[in-house]
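The values are calculated or read from the model by the stated rules, or taken from the named source; none is laboratory data. Values in this document were obtained by computation on a predicted structure and should not be read as measured data. Don't worry about glycine lacking a Cβ; one is built from the backbone with ideal geometry, like all the others, and counts go over all protein chains shown.
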Amino acid sequence: MALLAVNDHWAKAAYGTWFTGKLSDFAGVVFFPLLVELLPVGAGIVGRRRAVLITALGFTLVKTLPAATGAWNTLFGAVYQAVGWADGARLICDPTDLIALSALVLPLFLIPPVDGSRIASRSSQPAS
């Protein structure tokens, strides 16, 4: 997450090259499923495999379909403005970025999954 934040909000502005763009794609593809995994769905959480699948499908759409890229940028442009990052990172429709999908091996096989039972039990406890 730190790599993604530093790259998107500093390195791209200071050293914007193809490398900072690809680095952002790889870091985002690793981080995004870890975030999606924690989304509550029904009685549990999304889970790692579904989160990786959601990430792969979404990333493929925004990197290959201009309409999907525009929708993503509109949605997250509003989020960035709401948190005070008026110049938030924008995605670019670039099918060559699909190479970053190879990084999904990290969250799928190498990063330990979150214990959903602990998250569910914490969220169901009354506030102290």
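Of the residues that sit in segment 114-128 and are surrounded by 14 or more Cβ atoms within 10 Å (Cβ to Cβ) and not small (Gly, Ala, Ser), which one is modelled with the lowest pLDDT?
The extreme case among them is Ile119.
If you go through segment 82-104 one residue at a time, do you hit one that is surrounded by 13 or more Cβ atoms within 10 Å (Cβ to Cβ), among the aromatic types (Phe, Trp, Tyr) and in a helix (DSSP H, G or I)?
Within segment 82-104, none of the residues are surrounded by 13 or more Cβ atoms within 10 Å (Cβ to Cβ), among the aromatic types (Phe, Trp, Tyr) and in a helix (DSSP H, G or I).
Pull up segment 39-56, narrow it to residues that are loosely packed, with under 15 Cβ neighbours inside 10 Å and in contact (Cβ under 8 Å) with a residue 60 or more places away in the chain, then point me to the one that is nearest to Leu91 (Cα to Cα). Outline the logic, then answer.
Looking only at segment 39-56, we keep the residues that are loosely packed, with under 15 Cβ neighbours inside 10 Å, and these are 39-44, 49.
Retained after the next criterion (residues that are in contact (Cβ under 8 Å) with a residue 60 or more places away in the chain): 40, 43-44.
Details: Pro40: 26, Ala43: 33, Gly44: 31 Å.
Result: Pro40.
Working only within segment 59-81, note down all residues that are surrounded by 15 or more Cβ atoms within 10 Å (Cβ to Cβ) and either under 18 Å from Ile99 (Cα atoms) or among the hydroxyl-bearing types (Ser, Thr, Tyr) (or both).
Within segment 59-81, Phe59, Thr60, Leu61, Val62, Lys63, Thr69, Tyr80 qualify.
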